[in-house]
1. What FRET efficiency do you get for Asn58 and Ala86 if R0 is 45 Å and r is their Cβ-Cβ distance, rounded to the nearest 0.05?
2. Under a 1.4 angstrom probe, counting protein chains only, how are Cys128, Cys28 ranked by accessible area, largest first?
3. Compute the semi-axes of the equivalent ellipsoid of the stretch 124-174, taking the square root of 5 times each eigenvalue of the Cα gyration tensor, and list them largest first in whole Å.
4. Just by accessible area at a 1.4 angstrom probe, what is the order of Thr149, Thr101 from largest to smallest?
5. Which of Ala81, Ala144, Ala61 moves most in a GNM of the chain, Cα contacts under 10 Å?
6. Using only the Cα atoms of the stretch 1-103, build the gyration tensor, take square roots of its eigenvalues as a ≥ b ≥ c, and label the shape rounded, prolate or oblate: rounded if a/c is under 1.5, else prolate if a/b is larger than b/c, else oblate.
7. Can you list the HN-Hα couplings for the stretch 125-131, worked out from phi with the Karplus curve (6.51, -1.76, 1.60; θ = phi - 60°), rounded to whole Hz and with x for Gly and Pro?
8. Can you pull the percent of the chain's accessible area that's carbon plus sulfur, 1.4 Å probe, other chains left in place?
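The values are calculated or read from the model by the stated rules, or taken from the named source; none is laboratory data. Please read these numbers as outputs of a predicted model, since none were measured by experiment. Quick reminder, even Gly has a Cβ in these numbers, built from the backbone with ideal geometry, and neighbours come from all protein chains shown. To get the accessible areas, we keep the full protein, side chains included, count just its heavy atoms, and leave off ligands, DNA and RNA. Shrake-Rupley method; radii C 1.70, N 1.55, O 1.52, S 1.80 Å.
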Amino acid sequence: SYLDSLAKPVGSLGTLEDWAARLAVFQCSSKPTVEKVACLIFAGDHGVAKDKSDGGANCSAYPQSVTQKVLEGLEHNLAGASVLAAANDVNLRVIDVGLATDFGSTFGAGNVVAISEHKVNGGTENFCDGAALSNIELDGCILAGRKETKRCIQKMQEVQLLVFGEVGIGNTTS
């Protein structure tokens, strides 16, 4: 009810209002605060988005190489998520779990982008032709998410909010 009493149209902040209400409940406060925030973004390319000549379904307007460029932007604080994270003192970490290209060999190890030990090399397969991931690859991706979450929480001790995101050509199709 506090949010609705502010000088703005009711509901005008969309899901931000929902999150503020949830935080208020968790913190038992009408004015919740969040001091320690972290964001984990998992990156991977999807085989269905590859060009037909490469075994994909060509379902994206953009080539998979765009994902690499987005990660470069995140690493150099040029992409939207990295700029917002820096401006709001959010600890940002991007994990390559399946880029079609090898981020490390073409760009080098960075401060923001890390390559998962469980990376699906070359991205996933085209799910129109069969399984996108083998059971071993799927288990590895889940394990990568668990490990990164645990690492983040341990590193940031007392993290109050952990936000997850994803990036990769074909992700909305998958």
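1. Once rounded, the FRET efficiency stands at 0.80.
2. Result, largest first: Cys28, Cys128.
3. Square roots of five times the eigenvalues give 29, 14, 6 Å.
4. Thr101, Thr149
5. Among Ala81, Ala144, Ala61, the largest GNM mean-square fluctuation belongs to Ala61.
6. The shape class here is prolate.
7. Running phi through 6.51 cos²θ - 1.76 cosθ + 1.60 with θ = phi - 60° gives 7, 6, 5, 6, 9, x, 5 Hz.
8. About 56 percent, which is the carbon plus sulfur part of the accessible surface.
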